[in-house]
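What follows is one structure encoded as C-alpha cells, with my remarks underneath.
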Amino acid sequence: MITPVTHLLPLTHIRRDRMLPIKGRILVNIGTAVGPNDIVAEADQPGQHIVLDIRRMLNIHRIEDAHKQIRYKPGEKVEKGDILAQVGGIIPRVVRAPADGKVKGIYRGQLILETPGTKIEIFAGISGKVTEILPDRGLVIEGDGALLQGVWGNGKTSVGMLLISATPIEDELTRATLDVSLRSAVVLAGHVTQADTLAAAAELPVRGLILASMTADLIETAKKMNYPIILMEGFGRLPLNAAAYNLLTTNQKRDIVLNGMWDADRNEKPDLFIPLPAQGEPAPDFAEFTTGKIVRVTVPPFAGHAATLLNIRPGLTLFSNGLRVSAADIQLETNQIVTVPIANLNVLE
C-alpha cells in the first residue's frame, strides 16, 4: 500500500519552486546563493479601475453638464477624500475619491479612477542555490539540510535560531514560561491552550513557534499572529513524537527556516528546514507500508506516538467501534504492541 510520507530527515536535498502569479522579473541568476529572506522575484500587480457615474450621483441630466462639474482631467492624481465633482444648491452634493489613484478617463458622464498597483515579492524561503530559471515566471532553488514536516501552519514564514523552551516538552507553554532568553528565537515547545500565550510570544517577540499541538479554538488567533506557528502533531493535546524531538534538540542553536504555508489538497505540508554544510539525497514523497517502517499514529488514544510497523494484517480487522478496516500491528516506543487502522498511520522518513 502506497502512502504519502511525512519527512523527518536529518539530512536531505530539497528542491523548491518559487513562482510568480503573473509575469514579472527574476532578480537572481543560475548559481546565485540565496538565503530564506532574500527576494528572488517580483512583479507589479495592476491597480483596480473604479467607475464613478458622476451624472447619476449628482443627479445631472445632461452628460456635458456632468463633465463641467468634474474638477480633474485624465492623468491627474487624486487622494482619497478629494472632491472629484460638485454641484451647488441649498444642499450641495459632492463626489469624493474613494481611494488614492489617477483619473484614467472621463466618458459619458462617468469618471474612471485607477488605484495604485502593488508589488508582489517572492522570497527564497530556504537557503540554497538557484538551479533553474523560468523567464518572467519563476525559478527553482535547491539546498541541503534537515527537513521536518508538520501537520498545520498559520501561513507565515520566518527564519531564526532554534531554542528549546525551558518548559518540559510534554507540558503546556504559558506566558509565565516565555522568558526573555527566548527573544528573537524560534521556540520549540509542547502544547498551547491560551490565546494569551500566543500574544505574549508576539510581545517578546519570537521569530516563530514550533508546537507539538494546540487547541482548535486558537486557530483564528494563530492566523492573526505576525510570526509563524507550526504544529507537528495536530489539534488537541498530543505529544511530540520522539523522532522529531530528537532531531530538533540535536540542532538547537542552529538557524532554522519555518514555512507555515500548506495545502492539504496538494499534500503540501508546513515544514522546518535547517540548512547544513553537507550534501544530502532527495527523499521520495510517497512510500509503501512495509515491515520495519517507522510510522506515526494520527488519532487517539496513541496520537503523536512514533512506532515500528510489525506487519499488515490480512483481510479486514473488526474494531470495537464496529468497523472492519485494513489494520496493522505496531510496536510503540514503550514496546507496547497495538493494532490500529492503516488509515490512522503515516510513514515517517
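The values are calculated or read from the model by the stated rules, or taken from the named source; none is laboratory data. Source: prediction; values computed, not measured. Quick reminder, even Gly has a Cβ in these numbers, built from the backbone with ideal geometry, and neighbours come from all protein chains shown.
The table below lists the values:
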| quantity | calculated |
| --- | --- |
| Meets criteria (outside any helix (DSSP H, G or I) and buried (at least 23 other Cβ atoms within 10 Å of the Cβ)) for Leu188 | yes |
| Residue satisfying condition, being farther than 15 Å from Ile230 by Cα, at pLDDT below 95, among the aliphatic types (A, V, I, L, M) and touching a strand residue (DSSP E or B) at 6+ places or on another chain (Cβ under 7 Å), within set Leu182, Leu178, Leu173 | Leu182 |
| Failed criterion for Phe289 (all others in (1) among the aromatic types (Phe, Trp, Tyr); (2) buried (at least 18 other Cβ atoms within 10 Å of the Cβ); (3) more than 25 Å from Met1 (Cα to Cα) hold) | (3) |
| Neighbours by Cβ (under 9 Å, 6+ apart or cross-chain): first from region 72-97, of a type in the set (Ser, Thr, Tyr); second modelled with pLDDT of 90 or more | Tyr72/Val78; Tyr72/Asp82; Tyr72/Leu84; Tyr72/Ala85; Tyr72/Ala97; Tyr72/Val103; Tyr72/Ile106; Tyr72/Leu111 |
| Of all residues in region 162-178 being of a type outside the set (D, E, K, R) and in contact (Cβ under 8 Å) with a residue 40 or more places away in the chain, the one that is surrounded by the most Cβ atoms within 10 Å (Cβ to Cβ) | Leu162 |
| Region 97-126 - residue that is surrounded by 14 or more Cβ atoms within 10 Å (Cβ to Cβ) and charged (D, E, K, R) and, of those, farthest from the chain's Cα centre (by Cα) | Lys104 |
| Counted residues, region 127-166 - those being under 19 Å from the mean Cα position of the chain (by Cα), outside any strand (DSSP E or B) and over 30 Å from Gly236 (Cβ atoms) | 1 |
| Given (1) under 26 Å from Ala124 (Cβ atoms); (2) under 18 Å from the mean Cα position of the chain (by Cα); (3) surrounded by 15 or more Cβ atoms within 10 Å (Cβ to Cβ); (4) not basic (Lys, Arg), number of the condition Leu198 does not satisfy | (1) |
| Pro301 vs. criteria within 22 Å of Met232 (Cβ to Cβ), at pLDDT below 85, touching a strand residue (DSSP E or B) at 6+ places or on another chain (Cβ under 8 Å) and surrounded by fewer than 16 Cβ atoms within 10 Å (Cβ to Cβ) | no |
| Filtered residues of region 261-298 (kept if at pLDDT 85 or above, out of contact with any Gly (no Cβ under 8 Å at 6 or more places or on another chain) and part of a strand (DSSP E or B)) | Ile294, Val295 |
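Residue by residue, here is whether (1) charged (D, E, K, R); (2) surrounded by fewer than 13 Cβ atoms within 10 Å (Cβ to Cβ) holds:
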| site | (1), (2) |
| --- | --- |
| Gly47 | no, no |
| His61 | no, yes |
| Glu64 | yes, yes |
| Ile70 | no, no |
| Gly75 | no, yes |
| Glu79 | yes, yes |
| Val87 | no, no |
| Pro92 | no, yes |
